[in-house]
Amino acid sequence: MTLHVDSPAAPPRPGPRRPAGRRGPERGSGWARFDLRATPYFLISPYFLLFAIFGVFPLGYTLWVSLHEWELAGDKTLVGLDNYIELITDEAFWNAVVNTLGMFVMSTIPQLVLALLLANALNKRIRGRLFFRLGVLLPLITSVVAVAVVFTQLYGRDYGMINWFLSFFGVDAINWQNEKWSSWIAISTMIDWRWTGYNAIILLAAMQTIPKDLYEAAAIDGASPRRQFWQITIPMLRPTIIFTVFISTIGGLTLFTEPVMFDGNPTMSGGATGQYQTVAMFIVKEAFRDFDFGYAAAAAWLLFALILVGTLINYSFTRRIGGSK
Amino acid sequence: MTKVVLALALVLSAFPIYYMFIMATRTNEEAIDVPPPLLPGGHLGENIARLLSTEDAYFVTGLVNSAIVSVTVTVSVVLISTLAGFAFSKLRFRGSKILLGLILLTMMVPLQQMGVVPLYELMVTLGWTGQLKAVILPFLVNGFGVFMMTQYATQAVPDELVEAARVDGASTMRIYTSVILPALRPGMAVLALLVFMQTWNEFMWPLIVLNPDNPVVQTSIAALNQAHGTDYVMLFTGTAASVLPLFIVFVAFGRQIVGGLMEGAVKA
């Protein structure tokens, strides 16, 4: 970052630049001028300095590591794209990708639909609104680890409350951890439980900015509440829906804590056959169980690519919400 | 209809938390009853005593460490974010738009997962693995915080106020301390609460970089889970204790949190 300080000899520029400063009584003094020009950079420098060390450097360095056969305190051999080539033919990696995407889709879609319904309900004139709003935010302030512990118990095969509940409908005890579909459901519900209320609050906030006369005009034209919801509320919420999808995409594709705790052991394997191992778990396993840093770094960059693609797909998809119809 | 939806949502939101606290007051035999008990039992005291005396979980150490880490990170993020937010919202300088855009862009990058290998090597090189500073330093800044404070300052501080202070001869830092900080206080409170919760929740990086005998509270629960997977009440007592600080914060400042989230959302 370079400091931008004009030389004192430069003629004053025309136009309304820095009107506040130029009207100041000390406008001639060198210190005031320096203060005006340089202090902004001084104010933002702590952020950029720390971000450079703990954000930019790791990103770049990850790329460098990913091009190597790289072990902790061991050999470091430049191997080019070998790690990437090995990864895209690694079944375990693709298994993790499929699991991550599967749980992402399974959690995000119900979550946003429920959040929309909930926001709509919270937007009605009812007594105790604050109470309800606080209530639906309760899960957000519960730690992810706690959520995972409680839900893992609820999903227990023999003593879990969910199997007990299902038994009334004649469903045999399900071993939730055992199969892909069942473990995905269990983990997805943990995510949904924690985030639906948060998304509802965000959507509610946006709903409240929609001008009331839009609804009044629609009502006069004879539009039913349902029609108003689809043709006014949803289109007007589009930017916020994009925002929530965006947040869910990053959160969903970096899923880690819930499946790790669901597993109960720290091998990062995500079940006996890796049925719920996510990409984030795969990265941690390669790096800190198998100490194959280069391979893990390459997987990290592929995760990043996955997030970029996922974000773009979701963006182009949500952009169309309530668009033409 | 609306009432039914909301009541149902409330029950679903509250039940798992209620269940967690109930289990913390029960014995292991009661915890695996079918159907499980839904009212508090009388074993809370003994469960807590057993939790605190469990040697391999280092639960108390975890609680203390989490408090240290969360408070330090919160103070730093709030301070650094208000400084940068002030600059981006109220000061003119070359490149400000680009730099703010850069911060927004980096909010999209999952740095935790992306940077985990180099960060670990960095900590090994510095000899900081196993130490609290290894889990504090990477979280000292937060792009979301800068963004939020920029938005907040744009709204809460009128340009005229800054101009007036300049006319009176106040330096930029003086304006920050006398004009900006007081006006930002409500926004700072919301940011502080959110950052505190987020840091308290941190799991992956502490799991990697800390040693089992010096954990934060979340990794300490993971250790409990691993060592005593069938000792449900211990696990639930620990989990309940780890959530309690967040609950106290929420009960005290819930209204502000909801307000802050909603304000931030509209502007986003």
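The values are calculated or read from the model by the stated rules, or taken from the named source; none is laboratory data. Since this is a predicted model, take the numbers as computed values, not measurements. Here the Cβ positions follow ideal geometry from the backbone for every residue, glycine too, while neighbour counts run over all protein chains shown. Surface accessibility is based on the protein's heavy atoms, side chains included, excluding ligands, DNA and RNA. Shrake-Rupley method; radii C 1.70, N 1.55, O 1.52, S 1.80 Å.
Here is the size of region A:67-152 from its Cα atoms: Rg then Dmax, 22.3, 67 Å. Gyration tensor over the Cα atoms of chain B: the corresponding equivalent ellipsoid has semi-axes (square roots of 5 times the eigenvalues, largest first) of 41, 25, 16 Å.
Positive end of the dipole of the protein assembly as shown (Cβ unit charges, origin at the Cα centre): among A:Phe229, B:Thr239, A:Val105, the Cα lying farthest that way belongs to A:Phe229. By accessible area, using a 1.4 Å probe on protein heavy atoms only, the protein assembly as shown has 65% of its surface on carbon and sulfur. Of the peptides B:9-18, B:137-146, B:28-37, the order by per-residue mean of other Cβ atoms within 10 Å, starting with the highest, comes out as B:137-146, B:9-18, B:28-37.
Rounded, prolate or oblate for chain A? Axes are the square roots of the Cα gyration tensor eigenvalues, ordered a ≥ b ≥ c, and the cut-off for rounded is a/c under 1.5. Oblate. Remark: mean inter-chain Cβ contacts per residue of B:15-22 equal 5, using a 10 Å Cβ-Cβ cutoff to other protein chain atoms.
Peptide B:30-36 has a mean shielding of 4, counted as Cβ atoms of other protein chains within 10 Å of each residue's Cβ. With R₀ set to 45 Å, the beta-carbon distance separating B:Thr129 from A:Ala219 gives a calculated FRET efficiency near 0.10.
When only the Cβ of Lys, Arg, Asp and Glu is charged (+1, +1, -1, -1), the dipole of the protein assembly as shown relative to its Cα centre reaches about 3400 debye.
Note on region A:209-325: Rg/Rh from C-alpha atoms, Kirkwood Rh, equals 1.23. With all pairs of different C-alpha atoms in the average, the Kirkwood value for the hydrodynamic radius of region B:128-220 is 15.7 Å. How many percent of all Cα-Cα pairs in the protein assembly as shown sit more than 29 Å apart? Of all Cα-Cα distances in the protein assembly as shown, 60 percent exceed 29 Å. Remark: the A:Leu78-A:Lys212 segment gains 41.9 nm on full extension, using 0.36 nm per residue and subtracting the alpha carbon distance. Modelled label positions at B:Arg174 and B:Ala49, each set 7 Å beyond Cα in the direction of Cβ, lie 6.3 nm from each other. Each of the peptides A:111-118, A:207-214 was scored by the mean count of other Cβ atoms within 10 Å over its residues; in descending order, highest first, they stand as A:111-118, A:207-214. In nanometres, what is the gap between the two model label sites at A:Trp94 and A:Arg129, each 7 Å from Cα along Cα-to-Cβ? In this crude label model, A:Trp94 to A:Arg129 measures out at 5.2 nm. Helices in chain A that qualify as membrane-span-like (whole DSSP H runs, Cα extent of at least 18 Å along the helix axis, mean Kyte-Doolittle hydropathy of -0.5 or higher) are A:30-51, A:91-122, A:180-207, A:238-253, A:293-318. Within region A:114-203, report the trypsin sites (Lys or Arg not before Pro) that DSSP leaves as loop and that have at most 15 other Cβ atoms within 10 Å. Counting only loop positions with at most 15 other Cβ atoms within 10 Å, the trypsin sites (Lys or Arg not before Pro) in region A:114-203 are A:Lys124, A:Arg125, A:Arg127, A:Arg157.
Compute the helix-to-body angle for B:96-106: its Cα long axis versus the longest principal axis of chain B, expressed 0 to 90° and rounded to tens. Compared with the principal axis, the helix lies near 20 degrees.
Relative to the compact-globule estimate of 2.2 N^0.38 Å, the Cα radius of gyration of region B:72-197 comes out at 1.22. Dipole orientation for region A:223-319: of the candidates A:Leu308, A:Phe262, A:Phe293, A:Leu308 has the Cα lying most toward the positive pole (charges on Cβ; Lys, Arg +1; Asp, Glu -1).
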